[in-house]
1. Full-extension gain between Gln181 and Arg71, please, as 0.36 nm times their residue separation minus the C-alpha to C-alpha distance.
2. Figure the gain on full extension for Val135 and Arg109 (residue separation times 0.36 nm, minus the Cα-Cα span) and round it to one decimal in nm.
3. Which value in nm describes the separation of the simple spin-label points at Ala126 and Thr174, placed 7 Å from the Cα toward the beta carbon?
4. For the chain, take the longest principal axis of its alpha carbons; what is the angle in degrees between that and the long axis of helix 29-47, to the nearest 10 within 0 to 90?
5. Helix 91-108 versus the longest principal axis of the chain: what is the Cα-based angle in degrees, 0 to 90, to the nearest 10?
6. Just to be sure I understand the model, the point goes 7 Å from the Cα along the line to the Cβ. What's the resulting Glu100 to Ser150 distance in nm?
7. Here are a few candidate values for volume of the Cα convex hull per residue in Å³: [x] 109; [y] 225; [z] 125. Which one was actually calculated from the structure I just gave you?
8. Given springs between every Cα pair under 10 Å in a Gaussian network model of the chain, which of Leu107, Leu57, Leu115 has the largest fluctuation?
Amino acid sequence: MSHPLQLWITIPVKPLAEGKSRLASALSGDERLALTRQLVQRTLDVVLSVAGVAGVLVISRDPDVLGLAERSGALVVQETAVNGTEKTRGQEWGLNRAIEQAAAFILGRGGDALLFLPTDLPLLQAAEIDSIVRVWDQRRNCVVIAPSQSGGTNALLLSPPNAIAPAFGLGSFTRHVQLAQQRGLRVEVVESPALAWDVDTPDEYRLLVTP
C-alpha cells in the first residue's frame with residue numbers, strides 16, 4: 001500500500017522593514033511595515049488552517065519574522081546570508097535562492113512536494129490552497145502553477161520539491177511552464193482571481209482599501 005505524498009507549504013519572507021518598497025509613494029515606512037506584518041500574519045493564519053499538509057515552513061533572515069512564524073505554529077528556517085555580490089542580483093534572485101534552500105530542507109525531512117506561496121495575496125483563503133492540492137492529486141513529477149495578473153507566479157507546487165529550479169522575476173509564469181516542459185514534467189495551471197491578485201503597486205493597494 002502506497003503512502004500519501006508529503007506536501008510542505010513554503011513561505012519565504014524577506015525582512016519586514018524591506019517589504020512593500022514599491023508602495024513608498026502611497027505609504028510611510030511605518031505604514032508599510034504594519035501592512036507587511038499584517039499580510040504575513042494573515043497568510044500564516046490561512047495556511048495553518050489547511051488540513052492534510054505535512055507542515056508549513058517559513059524561511060527568512062529576519063528574526064522578527066521567524067519569531068512571528070514560530071508563535072503561529074509554523075516551522076522556521078534561517079535563510080542563508082547573502083554577500084554583497086549576491087545582493088546586486090535583485091530580490092527575485094534572493095527569492096529563488098530561498099526556495100531552493102527550503103526545497104533542500106524539505107527533501108532532507110522526507111518531503112515529497114513543495115507549495116510556494118507569497119505573503120501578499122490579500123484574498124487568499126484555504127479553499128484556494130485546497131484547489132491547488134486537488135489539481136496536484138498526489139502526482140509525482142508534476143508542477144502546478146497559479147499565474148499572477150501580470151504574468152508572474154503567485155503559487156508554485158513542485159513535486160518533487162526540486163522538480164525545477166525556481167525562476168521568479170518578470171514573466172516567471174511562462175518560464176516556469178517552459179522549465180517544467182523541458183524536464184518532461186506534467187504541468188497544471190490553476191486560474192483563480194484570489195491567487196492572481198497581489199498587492200505590489202499603489203493602485204493595487206488603493207483597490208485593497210477602497211470600500
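Any read-out appearing in this document is the output of simple, stated calculations on the displayed coordinates, not a laboratory observation. Since the structure is predicted, the reported quantities are computational estimates derived from the model, not experimental observations. No Cβ is skipped: glycine too gets one built from the backbone with ideal geometry, and neighbour counts run over all protein chains shown.
1. Length difference between fully extended and current span is 35.7 nm.
2. Computed gain between Val135 and Arg109 is 7.0 nm.
3. Computed distance between label sites Ala126 and Thr174 equals 3.8 nm.
4. Relative to the chain, helix 29-47 is tipped by roughly 30 degrees.
5. Roughly 40 degrees, rounded to the nearest 10.
6. 2.4
7. [z]
8. Leu107
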